[in-house]
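Q: First the structure, then my questions, so here it is.
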Amino acid sequence: MTKLLQWLLGVGLLLGTWACLVWDLVPAQLSPQWKEVVWVAPMYLLMSFACYSLATIGYRVATFNDCEDAAKELQQEIEEARRDLAKKGLKLS
Amino acid sequence: MASKKGSDKYSVLLPTYNERDNLPLIVWLLVRAFQQSGHDFEIIVIDDGSPDGTLEVAQQLENIYGKDKIVLRPRAKKLGLGTAYIHGMKHATGNFVIIMDADLSHHPKFIPEFISKQQERDYDVVSGTRYRGSGGVYGWDLKRKLISRGANYLTQILLRPGASDLTGSFRLYKKAVLEKLVESCVSKGYVFQMEMIVRARQLGFTIGEVPITFVDRVYGESKLGGNEVISFAKGLLYLFATT
């Protein structure tokens, strides 16, 4: 099953369950309070996911390692390499 | 089933285009890394008809380090990355293949770490990651980091690939695994790199990760334009719908 199909299946099941409960398509006697909760649940989940996503991405950007040392080390190695290669006979015009 | 150090050979594939300045440096670093670790290796340079004389520099390196260590497999013009790998692998004598960028953004010092990681659990693929552990990047501003993390988050949500860095191209493959993957992939550019990992998972191959540092020295030339974003989105949707 492709990821697309997995998502369609998952979303389909969730929305199907929600529709059944909210529009009384199944004989589940939900009290009015619970109906309220279920009615707003999809939107609530979507908003929560959006907030979670923003927070996660923000956190990952903030903690993205900056490799200053790697860059410096590379510069030194480049110089060493150039000297050694010139000794070995490399000619760069 | 751990491999014996004595019988393993590592073929490094270096597709190049206009890398006249960087090629000697990356080769020097590779030779040093392998000499220090003691592993058997060869470097296969696949130059796509670079107009700046990259091939001529490669020939000098061949003379300095020997034809068994520097293998030249040039092509007449710039063709795809996938075909470069296929072309390079045809003459590879190693049982492992390492792919990496030739512009010094990937550092050969991580190769021994890739090798140890692979031997840990006989992984089919070892992928370098910029996003976990001590991995990271030098030379990216906030905007670039944001785009990178945002795109990566999207791929994790949609593809659940089991690897943290999908667009990275610093990897170690078992040769037979790379051959199988290249023939199953159809995308181009860095979407190709994404597809390789996704297909690897699909085919049941095991993937290990090693944190790497990515030193971006060409960012100033604006590698990430609107076109790249669009082709990334298209590639992601293609993989989402077909794998």
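Condition check ((1) crowded, with 21+ Cβ neighbours inside 10 Å; (2) away from chain A (no Cβ under 11 Å); (3) more than 24 Å from B:Ile86 (Cα to Cα)) across all residues:
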residue: B:Met100; (1), (2), (3): yes, yes, no
residue: B:His106; (1), (2), (3): yes, no, no
residue: B:Ile111; (1), (2), (3): yes, yes, no
residue: B:Phe114; (1), (2), (3): yes, yes, no
residue: B:Gln118; (1), (2), (3): yes, yes, no
residue: B:Tyr123; (1), (2), (3): no, yes, no
residue: B:Gly128; (1), (2), (3): yes, yes, no
residue: B:Arg132; (1), (2), (3): no, no, yes
residue: B:Gly135; (1), (2), (3): yes, no, yes
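Q: I need a count of the residues in the range A:52-74 that are farther than 12 Å from B:Gly136 by Cα, among the small types (Gly, Ala, Ser) and facing another protein chain (nearest Cβ under 7 Å).
A: 1
Q: What strands (runs of 3 or more DSSP E), lying completely within the range B:1-85, carry at least 2 residues that are acidic (Asp, Glu)?
A: B:40-47
Okay, residues lined up against (1) within 14 Å of chain A (Cβ to nearest Cβ); (2) within 18 Å of A:Lys87 (Cα to Cα):
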| residue | (1), (2) |
| --- | --- |
| B:Ser11 | no, no |
| B:Leu14 | no, no |
| B:Ile43 | no, no |
| B:Asp52 | yes, no |
| B:Gln59 | yes, yes |
| B:Gly80 | no, no |
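Q: Look through B:Gly168, B:Gly225, B:Gly204 and report the one residue that is surrounded by fewer than 15 Cβ atoms within 10 Å (Cβ to Cβ) and under 29 Å from A:Gln75 (Cα atoms). Show your work before the answer.
A: Numbers: B:Gly168 fails: surrounded by fewer than 15 Cβ atoms within 10 Å (Cβ to Cβ); B:Gly204 fails: under 29 Å from A:Gln75 (Cα atoms).
The match here is B:Gly225.
Q: Another question, then. Of the conditions (1) among the hydrophobic types (A, V, I, L, M, F, W, C); (2) crowded, with 21+ Cβ neighbours inside 10 Å; (3) over 18 Å from the mean Cα position of the chain (by Cα), B:Ala76 clears all except one; give me its number.
A: Unmet condition: (2).
Q: If you take the residues in the range B:137-151 that are buried (at least 20 other Cβ atoms within 10 Å of the Cβ) and free of Cβ contacts under 8 Å to residues at least 60 places away in the same chain, which one is farthest from the chain's Cα centre (by Cα)?
A: Result: B:Arg149.
Q: Report, by residue number, each residue of the range A:1-55 that is within 19 Å of B:Leu159 (Cα to Cα) and of a type in the set (Val, Ile, Thr).
A: The answer is A:Thr2, A:Val11.
Q: Give the range B:117-136 a look and list any residue that's among the polar types (S, T, N, Q) and within 16 Å of the chain's Cα centre (by Cα), or say none. Talk me through it step by step, then tell me what you get.
A: Residues of the range B:117-136 among the polar types (S, T, N, Q): B:118-119, B:127, B:129, B:134.
Result: B:Gln118, B:Ser127, B:Thr129.
Q: Being surrounded by fewer than 19 Cβ atoms within 10 Å (Cβ to Cβ) and within 21 Å of the chain's Cα centre (by Cα) is the filter here, so list the residues in the range B:56-70 that pass it.
A: Of everything in the range B:56-70, just one residue is surrounded by fewer than 19 Cβ atoms within 10 Å (Cβ to Cβ) and within 21 Å of the chain's Cα centre (by Cα), namely B:Lys69.
Q: Moving on. Which ones in the range B:25-40 are surrounded by fewer than 23 Cβ atoms within 10 Å (Cβ to Cβ) and out of contact with any Pro (no Cβ under 6 Å at 6 or more places or on another chain)?
A: B:Leu25, B:Val31, B:Arg32, B:Phe34, B:Gln35, B:Gln36, B:Gly38, B:His39, B:Asp40, listed by residue number.
Q: Report, ordered by the first and then the second residue, all pairs with beta carbons closer than 6 Å, sequence separation of six or more or different chains, a first member in the range A:7-22 that is surrounded by 11 or more Cβ atoms within 10 Å (Cβ to Cβ), and a second member that is part of a helix (DSSP H, G or I) and at pLDDT 95 or above.
A: The qualifying pairs do not exist here.
Q: Further question on the same structure: When you look at B:Ile26, is it within 17 Å of the chain's Cα centre (by Cα) and within 14 Å of another protein chain (Cβ to nearest Cβ), yes or no?
A: Taking the combined requirement at face value, the residue satisfies it.
Q: Residue check, B:Leu158 against (1) touching a helix residue (DSSP H, G or I) at 6+ places or on another chain (Cβ under 6 Å); (2) at pLDDT below 95; (3) more than 20 Å from B:Ser11 (Cα to Cα), all met but one. Which one?
A: (2)
Q: Taking the condition in contact with a helix residue (DSSP H, G or I) (Cβ under 8 Å, 6 or more places away or on another chain) and of a type outside the set (Lys, Arg), does A:Val40 pass?
A: no
Q: Are any of the residues in the range B:66-74 in contact with a Lys or Arg (Cβ under 6 Å, 6 or more places away or on another chain) and more than 14 Å from every other protein chain (Cβ to nearest Cβ)?
A: First, the residues of the range B:66-74 that are in contact with a Lys or Arg (Cβ under 6 Å, 6 or more places away or on another chain): none.
Checked against the condition, which is being in contact with a Lys or Arg (Cβ under 6 Å, 6 or more places away or on another chain) and more than 14 Å from every other protein chain (Cβ to nearest Cβ), the range B:66-74 yields no hits at all.
Q: State whether one or more residues within the range A:27-37 are more than 9 Å from every other protein chain (Cβ to nearest Cβ), of a type in the set (Lys, Arg) and exposed (fewer than 12 other Cβ atoms within 10 Å of the Cβ).
A: Here is the first cut: in the range A:27-37, the ones more than 9 Å from every other protein chain (Cβ to nearest Cβ) are A:27-37.
Within this subset, residues satisfying the condition of being of a type in the set (Lys, Arg) are A:35.
The next check asks that each one be exposed (fewer than 12 other Cβ atoms within 10 Å of the Cβ); those that pass are none.
Within the range A:27-37, not a single residue is more than 9 Å from every other protein chain (Cβ to nearest Cβ), of a type in the set (Lys, Arg) and exposed (fewer than 12 other Cβ atoms within 10 Å of the Cβ).
The values are calculated or read from the model by the stated rules, or taken from the named source; none is laboratory data. Everything numeric here is computed off the predicted structure, so don't read it as measured data. Methodologically, a virtual Cβ is constructed for each residue, glycine included, from the backbone with ideal geometry; neighbour enumeration extends over all protein chains shown.
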